[in-house]
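Derivation of every value follows stated rules applied to the coordinates shown; laboratory data play no part. Bear in mind the structure is a predicted one, so any value in this text is a computation, not a measurement. Please note: Cβ atoms are built from the backbone with ideal geometry, for glycine as well, and neighbour counts cover all protein chains shown.
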Amino acid sequence: MPPLTRSLQKKGVTKNVTYLSNTVEDRTEMLEAIGIASFDNLLEPIPENLRLKTLLNLPPALDESGLLRHLNKMAGRNVNLEACISFLGAGVYDHFRPAVVAALQGRGEFATSYTPYQPEMSQGMLQAIYEYQTLICTLTWMDLANASMYDAATGVAEAALMAIHILDRHDVVVTEAMHPHYRQVLKTYLDATGFNMVTVPLSGFASDTSSEFESLSTYINDRTACVLFQQPDFFGRVIDQKEYVEAAHRVGALAISCVDPISLGLLKPPGELDVDIVVGEGQSLGNPMGFGGPLLGFFACKKKFVRHFPGRIVGATVDESGNRGYTMTLRTREQDIRREKATSNICTNQALLALAATIYLCELGKAGMTQVSDLSLQKAHYAYRELTALEGVEAVFPQSPFFKEFALKLSKPVVEVNRELLKAGILGGLNLDTYYENNVNLANTTLFCVTETRTREDIDLLVSTLKKVLGNASV
Amino acid sequence: MANVPDNLKYSKTHEWVSIEGEIATIGITDHAQEEMGDIVYLSLPDIGRTLAFDEQFGEVESVKAVSELFSPLTGEVIETNTAIGNTTEIVNEDPYGNGWLMKIKLSNPSEMTDLLDAASYTQFAEEGGH
Amino acid sequence: MKNSEFPLIFEKSRRGRKAANLPECDVPYTSPEELIGAEHLRSRLPLPEVSELDVVRHFTHLSQRNYAIDLGLYPLGSCTMKYNPKVNEKAASIPGFASLHPLQPEETAQGALALMYDLQKMLAEISGFDATTLQPSAGAHGELCAMMMVKAYHASRGEAHRNVVVIPDAAHGTNPASAARCGFKVKGVISNSKGCTDLDSLQKALAGGNIAAFMLTNPNTVGLFESEIEKICEMVHEAGGLVYCDGANMNAMLGLTRPGDMGFDVMHFNLHKTFSTPHGGGGPGCGAVSVKACLEPFLPVPTIEKVTAKIGEEESEATYRFIQNRPQSIGRIHSFYGAFLIAVRAYTYIRSLGAKGIRGVGENAVLNANYVRARLADHYEVAYGNRTCMHEVVLSAAKLKQLHGVRALDISKRLMDYGYHPPTNYFPLIVPEALMIEPTETESKQTLDEFIEVMIKISQEAVETPDLLTTAPHVTLVSRLDETAAVKNLDLRYEPLFENNNPI
């Protein structure tokens, strides 16, 4: 019998059998049981000309220690946030991750399980998802939450499409103060189906006399399916969601809020403000930043939309002996049953990140969640007060209350300033020039984020370094 | 074998029809409910809606299947069976009685001739007609 | 409480109990009322109040109430439940990957960009395509991304009228759902008596001049290789459409054959299937998409560019950057760049295998599935005849149902009594009472033999003691759940937390 892979049989060569379990003898016996002489017989369904005659052109295999050496070297080319002081936010945050989260979430029984389609063997994951749904409902004060979406951006897009289908209206109104990336993803999704995106221009600058919601009514009408806003918004501002909700409801549209879950330790939940759909980014609930992925989109809505929402959901029920148990339910909305008429095409979601969020929220609990939220608020305000006292620093939205992020206008180009900050081991704020290119109010502005992981010492170092950078003309 | 009463007419999409004057009462057949399994949700049309022959008028769902409902006749919806409510098992238990779905006022009674009688429907269903 | 029930974390909560050890406030304190206004503050937050030990025990117990690859064979067809190497997890936890912020300056994330760039290149080589994006978060997201590109491609050629996507009746439900999300109309194609695409049916579906694409899984969802794939691609191209490969079954082709060489224009990968990243109980995944050059301009932004300069005779060390400005791009489809940490795991996997190892995966995946097929063929009906399959085999329990009242579901539930996770049931839809078995390459003959013996035993039980199957499982923590009640009496959150409307 010709060998399966020629080199597999070479004595002493073990590298290329990584993760395979069959021995040479096994394979011989298996071919016999199948009744064929050679493995190549199994390739007969593949037309001869399509069978690869040579090995793929891939880099050489590495043994485990060599592989880790290689990976550590690659990782070493990155500046990681554990090795510097970061003031970057804008959707992904370095909130503290208690050790229990990774320890429990990483258990193989969770990590290497499939979607719990067979409930009798998946009660652990199903119960965890049920607890996750409950926790998201608790944070948002909504009636029901699904088992997760890919990220906040796709959650925003799915929520808009859901509103479009419920109301059979084709316009989506979004405030420009929503994260630019989320708006871009929303636009990609809407473009694909020919629906319209209407953007309400940003306001609230020192020179402005009105705010977004005051101009909102000129953008919404009976074609509006939904009004989308973010709390806190992209600039960290705490907005008055009630205004948006009322404006949406006046024309019969749905109100969709994209929220920062950490802020909900303090802020009024959207469910108390009659918001119809709530989405958000759950990365900061115990998940690593991971260069922006995988992320965790959470999605909650009012009960009356129970037949329209996207994604999986777990329900409690009983087994034949009357024991409480959990199973995926409302399955007829999903793609494997309803196919092209499904409420969404989503299948694989972010279950393991939802599990981390569940563990995180239990570990923090009522007191801890309020404390993390409050600490972020306090430290951000301390940083804001200290920074705005500097020469060459100006608040962009001086009138607005904010949570843990704030925009500042600097007297020097942000790129240059950030380069100098990095030399001092500080990852500066986000350069907003690239996001709002045509808005003069946002030229030379930077978005700072301060979470509970920053110490007073960190903030003081930022302030003193920035003072030096801005004060020194030769930078 | 499923129950197929002689006094009713049937569509190839597994709805039954009972006519009284110009009013047709419509439901799904015993065969259809058997195929679906436990019915958990019904979506029925609004009163006053005009349905064309073979137009989709609603949906019936079991835990793991969705089936669209098609109007066997043209007419205006005058009543739907709101008494079913959440007790959708009535459709499984009594598809020709308390499990009826809607009543329509016929606008083209001649379409009746295109429907199957009990014997033809029985044969159609046995052949695995879908 | 019955023994098999396990309390919810909310039921363990006691007022005043705390877990997390958080920092004190080290900056001057101002009340939130003063900072953001009382009207913006919440009055109740009924999160659990438990100790850290409670948390550890609760989730450790939950983990023990769950089946996983780490515990045993997981032969779910179409899901490629292979071993998830532990080194992948270690790689993804390296701070230089895990603790990167997506918006930190490119020059501080060169290692991350290099890894993504290299992984894209490796996936393109493995599949025979020209360019790759890692941004889609899952297979269905990859399908959606690809359909958006197909749409943009036709529009760019002045053929925006192409609004039909043709999909076989055996396809994954995500295919029609993804096409519909792009506004395409879906047209079906039937399978022939051999379980493959019926070319006459395809020819008919392609008529009319408005075909945008044909979506096909290869090997198809019956586990069979579409031997006429070149002809199929030709037919679709002739009709002006593009051919999409659903890469759910890529494991069967690794190192053996390449979709790009068959005539496909675009495909998605499931890194969480083929490239060994864990399924995590339902996700996260990565649905990377590879394309031929004709679709490259439409890839989602940002893409990654490698820059090298000549310094004398030598090439400088490469630098990498994101490209945002791509006028024909479909736009952004993810908050940032997709599931980077999943990409790290897939990269680690491919680098641990090399070209020989990759081929070994394909070979053993096919060998293991055919071994299971050959040994079970006398005991179960093999869909579309007992002939060579690729990486998975589809059995049908239709006869057992007819003769003994035993359904595929019953066989599956009985397998649980023997400690196995069942195969995929009732998919593909064209096989009645389907049991779809995908052993994957990482299982040994010994493991498969044990599974096969149990399957044979169950086939005998089906004849002799069918009740044993129809009432199974008997030894799991819960027996069959009342799914009808789950829908009719919706219980989607722990209601007692919300009953008290007073501030908690």
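Quick notes on this structure:
- Net length gained if the chain between C:R157 and C:S93 were fully extended (0.36 nm per residue, minus Cα distance): 18.5 nm
- Binned Cα-Cα distances of the protein assembly as shown, short to long, each 10 Å bin given as a whole percent: 2, 10, 19, 24, 22, 14, 7, 2, 0, 0
- Neighbour counting of Cβ atoms within 10 Å sorts the residues A:T193, B:T82, B:T29, fewest neighbours leading, into B:T82, A:T193, B:T29.
- Gyration tensor (alpha-carbon) shape descriptor, the range A:148-238, a/c threshold 1.5: oblate
- Among the residues of C:168-177, the average count of other protein chain beta-carbon atoms within 10 Å of the residue beta-carbon is 5.
- Kirkwood radius and radius of gyration were both taken over the C-alpha atoms of the range A:352-475, and their ratio Rg/Rh is 1.04.
- Cα gyration tensor shape for chain C, rounded if a/c is under 1.5, else prolate or oblate: oblate
- When the charge dipole of chain C is built from unit charges on Cβ atoms (+1 for Lys and Arg, -1 for Asp and Glu) and taken about the Cα centre, the candidate among C:P85, C:S43, C:L206 whose Cα reaches farthest toward its positive end is C:S43.
- Total lysine pairs whose alpha carbons fall under 22 Å of each other in the range B:9-109 (8 or more apart, or interchain): 4
- Taking a straight Cα-Cα cut-off under 22 Å and skipping sequence neighbours fewer than 8 places away in the same chain, the lysines within cross-link reach of A:K53 are A:K10, A:K15, C:K121, C:K231, C:K292, C:K356.
- Positive-end residue of B:Y10, B:N92, B:T29, charge dipole of the range B:9-109 with Cβ unit charges: B:Y10
- Each Lys and Arg contributes +1 and each Asp and Glu -1, all at the Cβ; summed about the Cα centre of chain C, the dipole is approximately 440 debye.
- Kirkwood hydrodynamic radius (C-alpha pairs) into Stokes-Einstein, the range A:99-360, 10 °C and 1.306 mPa s, D in µm²/s: 84 µm²/s
- For the pair C:T471 and C:T60, a Förster radius of 41 Å applied to the C-beta separation gives a FRET efficiency near 0.85, rounded to the nearest 0.05.
- FRET efficiency, 1/(1 + (r/R0)^6) with R0 45 Å, evaluated for C:E464 and A:R51 via beta carbons: 0.50
- Placing +1 on the Cβ of every Lys and Arg and -1 on the Cβ of every Asp and Glu, with no other charges, gives chain A a dipole of roughly 660 debye about its Cα centre.
- Helix A:152-167 axis versus longest C-alpha principal axis of chain A: approximately 80°, rounded to the nearest ten.
- All distinct Cα pairs of the range C:354-486 go into the 1/r average, and the inverse of that average, the Kirkwood radius, is 15.5 Å.
- When you filter the trypsin sites (Lys or Arg not before Pro) in the range C:346-442 for DSSP loop state and at most 16 other Cβ atoms inside 10 Å of their Cβ, you are left with C:R387.
- Table column - 3J(HN,Hα) (Hz), the range A:342-359, Karplus curve with 6.51, -1.76, 1.60, x for Gly and Pro: 5, 5, 6, 8, 4, 10, 4, 10, 10, 3, 5, 6, 5, 4, 4, 4, 4, 4
- Modelled this way, with points 7 Å down the Cα-to-C-beta line, the labels at A:Y435 and C:S43 are 3.4 nm from one another.
- Each stretch of four or more DSSP H residues adds -39500 (n - 2.57); spread over every residue of chain C, this sum gives -11000 deg cm²/dmol at 222 nm.
- Computed log₁₀ I(q)/I(0) - Debye formula, equal Cα scatterers, no solvent, the range A:93-228, q 0.09 Å⁻¹: -0.43
- Packing-based ranking, highest mean first, of C:11-17, A:41-47 given that Cβ atoms within 10 Å are counted: A:41-47, C:11-17
- Between C:T30 and B:D6, the modelled labels are 8.9 nm apart [label points 7 Å from Cα along Cα→Cβ].
- If you wrap the range C:9-64 in the convex hull of its Cα atoms and look at it from every side, the mean projected area works out to 5.6 nm².
- Sum of -39500 (n - 2.57) over DSSP H runs of 4+, divided by residues of chain A (222 nm, nearest 500): -11000 deg cm²/dmol
- What the phi angles of the range B:83-94 give under the Karplus curve with 6.51, -1.76 and 1.60, with θ = phi - 60°, is a coupling list of 5, 5, x, 7, 8, 5, 4, 4, 5, 6, 7, 9 Hz, glycine and proline written as x.
- Neighbour-count ranking [beta-carbon atoms within 10 angstrom, fewest first] of A:S321, C:S412, C:S290: A:S321, C:S412, C:S290
- Counting all C-alpha pairs of chain A, share separated by more than 39 Å (%): 36 percent
- Note on the range A:99-360: with charges restricted to the Cβ of Lys and Arg (+1) and Asp and Glu (-1), its dipole about the Cα centre is near 500 debye.
- By the rule of a C-alpha distance below 18 Å, with chain neighbours fewer than 8 residues away ignored, the lysines paired with C:K187 are A:K341, C:K151, C:K204.
- Net charge over other residues, Cβ less than 9 angstrom from the Cβ of A:A255 (K, R count +1; D, E count -1): -3
- Förster radius 25 Å - calculated FRET efficiency between A:K468 and A:T388 (Cβ-Cβ, nearest 0.05): 0.90
- Computed from phi, the 3J(HN,Hα) profile of the range C:88-105 under the Karplus parametrisation 6.51, -1.76, 1.60 (θ = phi - 60°) reads 4, 5, 4, 4, 5, 9, 4, x, x, 10, 5, 9, 9, 9, x, 9, 6, x Hz, with x in place of Gly and Pro.
- Reachable lysines, given that their alpha-carbon falls under 21 Å from the alpha-carbon of A:K268 and they are not under 8 places away in the same chain: A:K242, A:K302, A:K303, A:K366, A:K379, A:K404
- Rounded to 5, the percent of DSSP beta bridges in the protein assembly as shown classed as antiparallel: 70 percent
- Gyration tensor (alpha-carbon) shape descriptor, the range B:9-109, a/c threshold 1.5: prolate
- Positive dipole terminus of the range C:401-504, leading residue within C:L469, C:S412, C:P432 (C-beta point charges): C:P432
- Over the range C:1-98, the hull volume per residue, using the convex hull of the C-alpha atoms, is 253 Å³.
- Other-chain or far-sequence residues with amide H under 5 Å of C:G188's (modelled H): C:I167
- Here A:E420, C:E106, C:E226 are placed in order of increasing Cβ neighbour count within 10 Å, fewest first, which gives C:E106, A:E420, C:E226.
- Looking at the range C:282-354, the GluC sites (Glu not before Pro) that sit in a DSSP loop and have at most 12 other Cβ atoms within 10 Å of their own Cβ are C:E313, C:E317.
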